[in-house]
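The structure appears right after this line, and notes come after that.
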Amino acid sequence: MNALIKSATIVDSKSEFHNETVDILIEKGRISKISKRISNPDDYKEIKLDNLHVSQGWFDSSVSFGEPGYEERETIDNGLKTAAQSGFTAVALNPNTNPVIDSFADVTFVKAKAQNKATSLYPIGALTKASNSLDLAELYDMRNAGAVAFYDYQKPISNPNLLKIALQYASNFDGLVLSFPQESKISGLGVANENVSSTRLGLKGNPGLAEELQVARDLFLLEYTEGKLHIPTISTAKSVELIREAKAKKLDVTCSVAIHNLVMTDDKLNDFDTRYKVLPPLRTKGDCDALIEGLKDGTIDMVTTDHNPIDVENKKIEFDHAKYGTIGLEAAFGALQTVFTTKKAVSLLTQGKARFGIKETYINIGETANLSLFNPDKKYQFDKADISSKSKNSAYLGMDLKGKVYGVIANNKVVIK
């Protein structure tokens, strides 16, 4: 693939061309020249877009696509196309499929389905067989097949000894274990943040305590085993404090936060709109502020869309019975820019690759072209026309966003929406 990008501002602090507006020549998938002005050498495809900015490719550590088993929600093919149009050149795929991704063959299947796409797919294998929290899955075999981590998506490991064994076993091959932060006996049947709003609405509460107890337990287990732990999608101020203390002890722990938990609060539930039924639930303004501060000081390592397509039959029902989840790839950049600068938003979207064993690339001559293309200043209201996913369960519908994504150049392919 050969292309010439015209008049693009580079946003990449690791590049010698950071903040410069330049032309970028790409030949055979590699950056061959960066200069103020480059003439088209051989009638290459020219990319010239309004207020064009480019950064190194973005990464999302938690996406769900449904396939195999839930293709009515999303397919791998359309999911990766959506990711590319949303600026992501790499995504880690959750194992919440049917059957659950818990074997060498399952990992091999999803990797094969993702071949020859602009966006690279990195499978996460289930931590336990069928994600049932009873027996460890074939972790080492899945690692050999290409799994980058192990996680029972949104299912807590209730047995602490099982998590202890998982951390010890995975440390033998530098495996990354993920543990969902929720103590189920405390959360019970709660469907919304336990707060004034849940009481007023008559919804069963899921208190922050349920998350914080699990985080504290998992950090104790991590300290004991000296393993490698990632805590996905934290949502409370106390969780940030606990992880900050653990990092001060030099424990090998990282964590992420879902973008919707940064920009939305439980006030969104006033109309019982199931688009806002997510797990962990939307919390308070104080929690949002603490999460944002945690990203600023490095306590929280990465953001994720926690993109989870749900079919309309499981969303357009009573709040108590609706499934958890929102799609988020398409709105990620625009939503982040409502609380962060462009430079910080881009930095957050490119963090986390190394933790999941993914090679980082920078915008320098000789590097592989792995680029996200966007206009950081475009303001708009997110609506259904902005959704590329098969499912339309977006919590961001009607939200004022800042920043429009054009697409990506990656894996020797150009995808422009």
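Summary table
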read-out: Yes/no for residue 336 being within 28 Å of residue 119 (Cβ to Cβ), open to solvent by less than 10 Å² (accessible area, probe 1.4 Å) and either under 16 Å from the mean Cα position of the chain (by Cα) or among the β-branched types (Val, Ile, Thr) (or both); value: yes
read-out: Failed item in (1) of a type in the set (Gly, Ala, Ser); (2) open to solvent by less than 10 Å² (accessible area, probe 1.4 Å); (3) without any contact (Cβ under 8 Å) to a residue 24 or more places away in the chain, with residue 149 passing the rest; value: (3)
read-out: Answer residue from the stretch 258-268, given it is touching a residue at least 60 places away in the same chain (Cβ under 8 Å) and open to solvent by 10 Å² or more (accessible area, probe 1.4 Å) and is farthest from residue 198 (Cα to Cα) among those; value: 263
read-out: Contacts under 8 angstrom Cβ, first residue in the stretch 211-225 being open to solvent by 50 Å² or more (accessible area, probe 1.4 Å), partner outside any helix (DSSP H, G or I), 6 or more apart; value: 213/183; 223/249; 223/251
read-out: Flag if residue 112 is touching a helix residue (DSSP H, G or I) at 6+ places or on another chain (Cβ under 9 Å) and either under 13 Å from residue 63 (Cα atoms) or open to solvent by less than 70 Å² (accessible area, probe 1.4 Å) (or both); value: no
read-out: Only one of 361, 368, 350, 341 that is open to solvent by 10 Å² or more (accessible area, probe 1.4 Å), without any contact (Cβ under 8 Å) to a residue 40 or more places away in the chain and more than 24 Å from residue 279 (Cβ to Cβ); value: 341
read-out: Residues within the stretch 35-63 that are touching a residue at least 24 places away in the same chain (Cβ under 8 Å), surrounded by fewer than 24 Cβ atoms within 10 Å (Cβ to Cβ) and polar (S, T, N, Q), tallied; value: 2
read-out: Some residue of the stretch 124-138 being of a type outside the set (Gly, Ala, Ser), under 30 Å from residue 406 (Cβ atoms) and buried (at least 24 other Cβ atoms within 10 Å of the Cβ); value: yes
read-out: Residue that is farthest from residue 194 (Cα to Cα), among those in the stretch 270-306 that are among the polar types (S, T, N, Q) and open to solvent by 20 Å² or more (accessible area, probe 1.4 Å); value: 270
read-out: Residues within the stretch 73-129 that are within 13 Å of the chain's Cα centre (by Cα) and part of a loop (DSSP other than H, G, I, E, B), tallied; value: 3
read-out: When residues of the stretch 168-183 are limited to those that are among the hydrophobic types (A, V, I, L, M, F, W, C) and more than 18 Å from residue 301 (Cβ to Cβ), the one surrounded by the fewest Cβ atoms within 10 Å (Cβ to Cβ); value: 173
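Matching residues to (1) more than 14 Å from residue 15 (Cβ to Cβ); (2) assigned to a helix (DSSP H, G or I):
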site	(1), (2)
346	no, yes
349	yes, yes
358	yes, no
363	no, no
366	no, no
385	yes, yes
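The values are calculated or read from the model by the stated rules, or taken from the named source; none is laboratory data. Keep in mind it's a predicted model, so treat the numbers as computed, not measured. Positions of Cβ are backbone-derived with ideal geometry, glycine not excepted, and every protein chain shown enters the neighbour counts. Note: accessible area is taken over every heavy atom of the protein model, side chains too, but ligands, DNA and RNA are not part of it. Shrake-Rupley method; radii C 1.70, N 1.55, O 1.52, S 1.80 Å.
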